[in-house]
Amino acid sequence: MSTATFTPTEKLLKTRNIGISAHIDSGKTTLTERILFYTNRIHAIHEVRGKDGVGAKMDSMELERERGITIQSAATYCTWKDTTINIIDTPGHVDFTIEVERSLRVLDSAIMVLCGVAGVQSQSITVDRQMKRYSVPRLAFINKLDRTGANPWKVIGQLREKLHLNAFPVQVPIGLENDLVGIVDLVDMKAYYFEGKDGLDIVIKDIPDEMKAMCEEKREELLDEVSKFSDELMEAMLEGEPTEAMIKQAIRNGVLALKFVPVFMGSAFKNKGVQKLLDGVTDYLGSPLDVRNTAMEIDNEDSEIVLESNFEKPLVCLAFKLEDGRYGQLTYIRVYQGKIQKGMAIYNSSTGKKHNVGRLVRMHSEEMEEINSAEAGDIVALFGIDCASGDTFTDGKSKLTMESMFVPNPVISLTIECKDGKQLANLAKALNRFTKEDPTFQTEVDQESGQTIIKGMGELHLEVYIERMKREYGVDLVTGAPQVAYRETITQRADFDYTHKKQTGGQGQFSRVAGYLEPIPAEENKDYEFVDKIVGGSIPREYIGSCDKGFRSCLSRGNLIGFPIIGVRCVINDGSYHDVDSSDMAFQIGARYGFRQGFGKASPIILEPIMKVDVEGPSEFQGAILASLNQRRGIILNTTEEDQYCKVEAEVPLSEMFGYSTVLRSSTQGKAEFSMEFAKYAPVPRNVAEELTKKYKVTISEE
């Protein structure tokens, strides 16, 4: 590759690690397909739904091509004007949000894709939150400007109002809808037309006369804003005409400071504007040298050190994604510092295990290219190294660990069993692989019924895994009714005072534990807290931890419906002990019974997961959409109507959302679509609580 002629520092300056993220159906995978085509990584364009029997390069899974959605993030790399760009194409569907989460954890910057018609949608908000969580600089690309109803100015307004981003256009489209032919670049004030087969011929002309006044005005607004990020540009504006280089540097400064979002425009499907977007990636997004990455020193009380994108320094890399393929486990890693080479020994900071690097590959979707070494700033993959997602690897010279990614908790579960007992071994293999690859897909065996339970982020998430088990492992499953992840909590303070005595000849058991339980306010966002207020040694220090253990053991199963307990503060303020009969176990048992005593008196309630639901469809069906949500105990938060299209935002209990897609399709002639994501836990209504409690009592009595 052309990067071979650069010095190490120049190579890093000419590297971009970017992610492409957006709401479902905004055109991320289509955009990636065009980027690969224009950078000569692929030589023909294929469409996402695979109508031509091929499908998009980055949707390598058969299931992705059939459904026309991205399920797994896919990595690739390409070169644009001597800059190496490592790209990760991520799913848009909220059920696969962990793929976006882990990608943004290791990327230096991102392209946020928005639909020119729908604008900022529910998943755009989630992606924005994830980018802010990992401080990822981004530029925005308003796609689909060839579609009827496209309005980039409305979308920029939503970026400012809904996402509170300092978004300004750096381009203006020439024509909209069917008339979209190119864009005007507000930095160099030239018009770019994308002509010929696949938009390969870029014709540069003067700005059309009818657009000059608007372009001048938009450029003035842009320069006023970005001059805040460059004193040099501000001075040049006062003295005369600033140079193109000054404007680009000012925009880049604003982007890297997370205070400015340049907005690009075009249509990936119609091959308009993609090459200029690539110019934006190289001009405005950061290299590995521009991003601050830190690690913790294990031997030095987890003190923070800043990692340097330097090949000479000791190796530090992070495993951010696992895939179990035909040749064993494939581990995607981002190298932050140092160099990794074939044959070298690396150490897992989490387990202390030593591994030898056998195969080192660079990924291009499902294809691999063998390489001998990778350096700081690279995203590559290793073969045959057993580890977990989020593990840190070093060369053993220093004991460092990097912070892992945020993993949301699953909200839905299903019971599964094999139709044929002979398939059990394959089921175990599949579950073992998928839980390792995807931290939001979890599995457990119910201790009482012996049933296998799978948990995930939504119906589609579990549906896809059940389908993959069938296709990839030949396992036919029977699934039970979906189970909602309810929780139990308390609503008022309650005292407890429990004495545990047991005398069976020889040494007995004695403990007295007294204190109170109280609810933790929601804003503290804690599931459990233990507070020790013992004075005067009424419970010896060595047994305080035993009380904490006893309380914790009660949290996994509540008294009302057997679901985990959250939001409880356990305070101990008194107790007593016996010199001979008190022990760790005696105080654990005392705390357990004390907790149950207090829990029953603290007005316990059942909480249910509430989902934020966004429904979009033609305005003529607005009544049907509102009715379908009201019937499901939904609370309507907002309704907007534009261009014969309505959008409804609501909060609906997850338990009421099963099968909603079928109902919505039939009531809107298949013209409406919805997306949902977890919002919060809230108390269930009394009638629902009574029903759940009754059902639980029947289950208990049957057992």
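Laboratory data are not the source of any read-out in this text; all were calculated from the coordinates shown. Here the structure is a predicted model, which means the values were calculated and not measured. Counting neighbours? That spans all protein chains shown, and the Cβs are built from the backbone with ideal geometry, glycine included.
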| query | How much length is gained on full extension from residue 555 to residue 627, taking 0.36 nm per residue of separation minus their Cα-Cα distance? | reply | 22.1 nm
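Kirkwood hydrodynamic radius (Cα pairs, Å) of region 293-401? Write out the running numbers ahead of the final one.
Numbers: mean 1/r = 0.0723 Å⁻¹.
One decimal place: 13.8 Å for the Kirkwood radius.
Hull surface divided by four, with the convex hull built on the Cα atoms of region 478-592: how many nm²? Please list the in-between numbers first.
Numbers: hull surface 39.7 nm².
Taking a quarter of the hull surface, the average projection is 9.9 nm².
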| field | For region 607-688: rounded, prolate or oblate by the Cα gyration tensor [a/c cutoff 1.5] | value | prolate
| note | Amide H neighbours of residue 109 at under 5 Å, excluding residues fewer than 5 places away on the same chain, with H built from the backbone geometry, are 17, 19
| query | When the label point is put 7 Å from the Cα of residue 164 along its Cα-to-beta-carbon vector, which residues of region 243-267 have a backbone N closer than 17 Å? | reply | 258-261
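Using only DSSP helix segments of four residues or longer, with each worth -39500 (n - 2.57), what per-residue ellipticity at 222 nm results for the chain after dividing by its residue count and rounding to 500?
Using -39500 (n - 2.57) per qualifying helix, the result is -8500 deg cm²/dmol.
At a Förster distance of 22 Å, what's the computed FRET efficiency of residue 603 paired with residue 544, Cβ-Cβ distance as r, to 0.05? Walk me through the intermediate numbers first.
Values: r = 28 Å, r/R0 = 1.26.
Working from the Cβ atoms, E equals 0.20.
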| request: Report, in whole Å, the centroid distance computed from the Cα atoms of region 410-443 and region 512-586. | output: 35
| For residue 145, what is the net charge nearby, where nearby means another residue's Cβ is under 11 Å from its Cβ and Lys, Arg count +1, Asp, Glu -1? | +1
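Which net charge results for the neighbourhood of residue 310, defined as the other residues with beta-carbon distances under 10 angstrom from its beta-carbon, given Lys and Arg at +1 and Asp and Glu at -1?
Working: positive: 313, 339; negative: 308, 312, 375.
Its environment carries a net charge of -1.
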| query | Helix 244-256 versus the longest principal axis of the chain: what angle, 0 to 90°, nearest 10, using Cα atoms? | reply | 10
| message | Less than 20 Å apart at the alpha-carbon level, and either on another chain or at least 8 residues along: which lysines does that give for residue 694? | response | 601
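Given charges of +1 on the Cβ of Lys and Arg and -1 on the Cβ of Asp and Glu, with all other atoms neutral, how large is the dipole of the chain about its Cα centre, in debye to the nearest 20?
1760
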| Cα coordinate range in the chain, projected on the principal axes (Å, largest first) | 98, 65, 62
| field | Subset of 259/321; 502/549; 321/354; 321/549 violating a 22 Å alpha-carbon distance limit | value | 259/321; 321/549
| query | Taking every eigenvalue of the Cα gyration tensor of region 155-232, multiplying by 5 and rooting it, what semi-axes result, largest first, whole Å? | reply | 25, 16, 12
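So if R0 is 35 Å, what FRET efficiency would residue 235 and residue 203 give, r being the distance between their Cβ atoms, rounded to the nearest 0.05? Could you put the intermediate results ahead of the total?
Values: r = 35 Å, r/R0 = 1.00.
Result of the calculation: an efficiency of 0.50.
With the Cα gyration tensor of region 412-484 giving a ≥ b ≥ c as the square roots of its eigenvalues, does the rule (a/c under 1.5 for rounded; else a/b larger than b/c for prolate; else oblate) give rounded, prolate or oblate? Don't jump to the answer; show the numbers that get you there.
Numbers: a/c = 1.39, a/b = 1.10, b/c = 1.27.
Rounded, since a/c falls under 1.5.
What's the FRET efficiency of residue 493 with residue 210 using the Cβ-Cβ distance as r and R₀ = 56 Å, to the nearest 0.05? Write down the numbers at each step before the final one.
On the way: r = 71 Å, r/R0 = 1.27.
About 0.20, to the nearest 0.05.
First select every other residue whose beta carbon is under 13 angstrom from the beta carbon of residue 112; then total the charges, Lys and Arg +1, Asp and Glu -1. Mind dumping the intermediate values first?
Numbers: positive: 28, 129, 132, 138, 162; negative: 128.
Summing Lys/Arg as +1 and Asp/Glu as -1 gives +4.
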| said: Tell me the relative contact order for the chain as a rounded percent, counting alpha carbon contacts under 8 Å between residues six or more apart. | reply: 9
| query | Residue by residue through region 201-206, which ³J(HN,Hα) values in whole Hz follow from phi under the Karplus form 6.51 cos²θ - 1.76 cosθ + 1.60 (θ = phi - 60°), with glycine and proline marked x? | reply | 8, 9, 9, 9, 9, 6
